[in-house]
1. If B:Ile63 meets every condition in (1) assigned to a loop (DSSP other than H, G, I, E, B); (2) more than 15 Å from ligand 2 (Cβ to nearest atom); (3) out of contact with any Pro (no Cβ under 8 Å at 6 or more places or on another chain); (4) within 21 Å of B:Ala21 (Cα to Cα) apart from one, which number is that one?
2. Conditions first: (1) closer than 30 Å to B:Ala106 by Cβ; (2) away from chain B (no Cβ under 14 Å); (3) of a type in the set (A, V, I, L, M, F, W, C); (4) surrounded by fewer than 18 Cβ atoms within 10 Å (Cβ to Cβ). A:Leu142 passes all but one, so which condition is the exception?
3. Identify all residues within the range B:119-141 that are in a loop (DSSP other than H, G, I, E, B) and away from chain A (no Cβ under 14 Å); write none if there are none.
4. In the range B:2-21, is there at least one residue being over 30 Å from A:Tyr149 (Cβ atoms), within 15 Å of ligand 2 (Cβ to nearest atom), surrounded by fewer than 22 Cβ atoms within 10 Å (Cβ to Cβ) and within 15 Å of the chain's Cα centre (by Cα)?
5. Name the one entry in B:Thr183, B:Thr191, B:Thr176, B:Thr158 that is away from ligand 2 (no atom under 16 Å from the Cβ) and either within 18 Å of B:Gly32 (Cα to Cα) or not in a helix (DSSP H, G or I) (or both).
6. Against the definition (within 16 Å of ligand 1 (Cβ to nearest atom), at pLDDT below 95, out of contact with any Phe, Trp or Tyr (no Cβ under 6 Å at 6 or more places or on another chain) and away from chain A (no Cβ under 14 Å)), how does B:Pro13 come out, yes or no?
7. Determine whether B:Leu172 is out of contact with any Cys (no Cβ under 9 Å at 6 or more places or on another chain) and closer than 24 Å to B:Leu244 by Cα.
8. Which ones in the range B:103-118 are surrounded by 16 or more Cβ atoms within 10 Å (Cβ to Cβ) and more than 8 Å from every other protein chain (Cβ to nearest Cβ)?
Amino acid sequence: MLGDYFNSLPAAVAQGIMWGIMAIGVYITYKILDIADLTVDGSICTGGAVCAVLITNGQPMWLALVAATVAGMLAGLLTGVFHTFMGIPAILSGILTQLILWSVNLKIMGGANLSVPAARYNLLIARLDLNRSIIILEIFALVLIAVLYWFFGTEFGASIRATGANLNMSSAQGINTSLTKIIGLVLSNGIVALSGALVCQYNGSATITMGQGAIVTGLAAVIIGEALFGWLCRNNFALKLIVVVIGGIIYWVVYNTVIFMGLDSNLLRMTAALLIAVFLAAPHLKNKYFSNAAIAEKKALKEQQKAAKKESKKAGKNSGKEVA
Amino acid sequence: MLELIDVKKTFNPGTINAKKALQGVNLHLNPGDFVTIIGGNGAGKSTVMNAIAGVWPIDSGIIRIDGKEVMSLPEYKRAKYLGRVFQDPMMGTAATMEIQENLAIAARRGKHRTLRWGISSAEKKKFREQLAILNLGLEDRLTAKVGLLSGGQRQALTLLMATLNEPKLLLLDEHTAALDPKTAKKVLELTDSIIQEKKLTAMMVTHNMKDAIAHGNRLIMMHEGKIIFDVSGEEKKALTVEALLAKFSQSSGQEFASDRALLS
Ligand SMILES: Nc1ncnc2c1ncn2[C@@H]1O[C@H](COP(=O)(O)OP(=O)(O)O)[C@@H](O)[C@H]1O
Ligand SMILES: [Mg+2]
C-alpha cells in the first residue's frame with residue numbers, strides 16, 4: 001500500500017515540474033506585471049493542441065515545441081491588445097481570449113481531443129519513462145529560469161518589472177507601458193503553452209479541457225512556493241522562480257497524497273481554490289485587523305467615541321439648562 | 001523653454017459632471033525660469049502639470065517644450081523632456097524595486113531600452129555619489145527596496161530620479177505637501193540646490209505662500225482654470241503673504257479658499 005504511494009511520487013514530481021513551468025508563466029503576469037491573466041486556461045491547451053498536431057503529422061519535436069510556444073505567444077498578444085489598445089480590463093481580456101481559444105483549440109485538434117501515444121511517436125517525455133522525463137523537465141525548467149533571469153535583468157526587462165511595480169512612475173520615466181504589458185503577456189503565455197506541449201506528451205493526448213482551472217494550479221504553485229520558501233530567496237530573481245517550480249511539485253505531491261488517502265478528488269479544485277483565497281486574503285486581513293496601525297486606529301476611534309459621548313452628555317445638560 | 005497658448009481642458013464634457021478645469025491658460029517660460037504656482041484647491045494647478053506631461057490630451061491650444069509641439073505625443077514620449085515629482089511619495093518610485101534599480105530606470109528616461117544589462121557598475125558608482133549629495137545615508141543602501149524608505153527619503157529619491165537626465169522642464173506638484181515640516185524644508189532646500197546647480201527650468205506648485213515667495217524667480221497664481229496673477233524679478237522678491245492674499249481677492253473677487261495656505 002505505502003509502496004504504491006512511494007511509487008507514485010516520481011509521477012507527481014514530473015507533473016509538478018511541468019505545471020511549475022506553467023506557474024512561471026503565471027508568475028510573470030501575476031507577480032511581475034500585477035495582472036491576473038486568465039488567458040492561461042486556454043493557452044495551455046493551445047500549446048498542447050499545436051504540439052499534438054505537429055507530432056502526429058510527423059514533424060520534428062523541436063518544431064512542435066517552438067510552434068506551441070509561438071501559438072501561446074500569439075494568444076498573449078491578443079489579450080495584450082484587448083487590454084492596452086482596446087482598454088478592456090485585464091481580467092475580462094483574458095476571459096475573452098480564453099473563449100476565443102476554446103474554438104481555436106477545437107479547430108486545431110479537429111475535435112475535443114487528439115492522442116499522441118508514446119508507443120507510436122518518439123516523445124520527449126512520457127509517463128512510462130519517468131526518470132528520463134524528470135531529467136528533461138528539469139533541464140527545461142533550469143534553462144527557462146536562466147533565460148528569464150537574464151531577460152528581466154536587462155534594460156527592457158527592468159522596464160516590464162517597473163510597469164508592474166508602479167504604472168505612474170513608469171510612464172513618467174518614459175516607459176511605454178502598453179508595450180511592456182503586451183510583451184509580458186506574450187512571454188507569459190508562450191511559457192504556458194510550452195508547458196502545455198509538455199503536458200500533452202506526458203498525458204499522451206491533448207484534450208480541450210486540459211487547461212481548465214490551470215490558473216488555480218499556477219497560482220497555487222506561486223503561493224505555496226512563496227509561503228514555504230520565500231524567505232530563502234532574499235532578492236534573487238532566479239531563486240524566486242526555482243521556488244515557483246518547487247511550489248508546483250509540492251502541489252502535485254499533496255494532490256497525490258490526498259488522493260492516496262482516499263479523499264474525493266472531485267473536491268480538490270475547490271480545496272485548492274479556497275486555500276488560495278485564504279493565502280490571498282491573508283495580507284489584507286493582517287493589514288486591516290492586526291497591524292499596529294489598525295490597532296492604534298481602533299483604539300483612537302473608541303476613545304473618540306467615548307469623548308464624543310461625554311461631550312454630547314454635557315451638551316445635553318447645558319441645553320437643558322438653557323431651556324430651563 | 002515652455003509655451004502654453006490658450007490651453008483648454010474640460011473633464012467629463014457633456015455630462016452634469018462637466019468641469020472646465022483649464023479655461024485658456026497662457027504661459028511662456030524662459031530657460032532657467034523657476035516658477036512657483038499657487039491657487040486655491042481645484043484652481044487647476046495639477047491639471048496644468050498633467051496637461052504638459054500628457055497624462056491625457058488637451059481639448060485645444062498649443063503646448064511647446066523647447067520649441068517642439070508636443071500635443072500629439074503620449075505621456076511616455078514627453079517624458080523625454082520632463083522630470084516630475086508628485087505630491088504622493090508613493091507615486092514617483094517603485095516600492096518593490098531596489099534604490100539602484102529605480103535610479104537605473106530613471107537614467108534611461110528618453111532613451112531606448114535595449115537588451116543590455118539593466119545597470120552597469122559604472123552607474124552604481126555614479127548613483128552612490130549622487131545619493132551622497134542628498135545627505136540621507138542612502139548611498140550605502142543601493143540594494144535596499146524603496147518601500148523601506150520614509151516619505152521624505154522617497155521624495156528626495158524621486159527628485160534625484162527626475163533630474164538624473166537633465167530635463168528640459170522640471171514639474172513639481174506639491175511635492176513637499178505630504179511631508180512633515182522639517183522633512184519638507186529639507187526636500188525644498190534640496191530642490192533649490194539641484195535646480196540652481198543644473199540650471200533647470202522648473203515649475204513648482206505649492207500651497208505654502210511663504211515658500212512660493214521665497215523660491216524661484218517668478219510666481220503665478222491660478223484661479224478657476226486661469227492664470228490671474230504673474231509676477232517676476234524684483235516685484236516678486238518684494239511680495240508678502242498679505243499682498244498675495246489681497247491680490248487674490250482683488251483678482252478673483254473671493255477670499256483665498258485654502259486654510260492650509262494661511263496656516264503655514
Ligand atoms: N482626471 C480628472 N477627472 C475629472 N475631474 C478632474 C480631473 N482632474 C482634475 N479634475 C477637476 O479639475 C479641477 C482642477 O483640479 P486640479 O488641477 O487637481 O486642482 P488643484 O489646483 O488643486 O491642483 C477640480 O475641480 C478637479 O476636481
Ligand atoms: Mg493639485
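1. (1)
2. (1)
3. Correct list: B:Asn135, B:Leu136, B:Gly137.
4. No - not one qualifying residue is present in the range B:2-21.
5. B:Thr191
6. yes
7. The answer is yes for B:Leu172.
8. Selection gives B:Leu103, B:Ala107.
The values are calculated or read from the model by the stated rules, or taken from the named source; none is laboratory data. Because the structure is a prediction, the values reported are computed rather than measured. Glycine also receives a Cβ, built like all others from the backbone with ideal geometry; neighbour counts cover every protein chain displayed.
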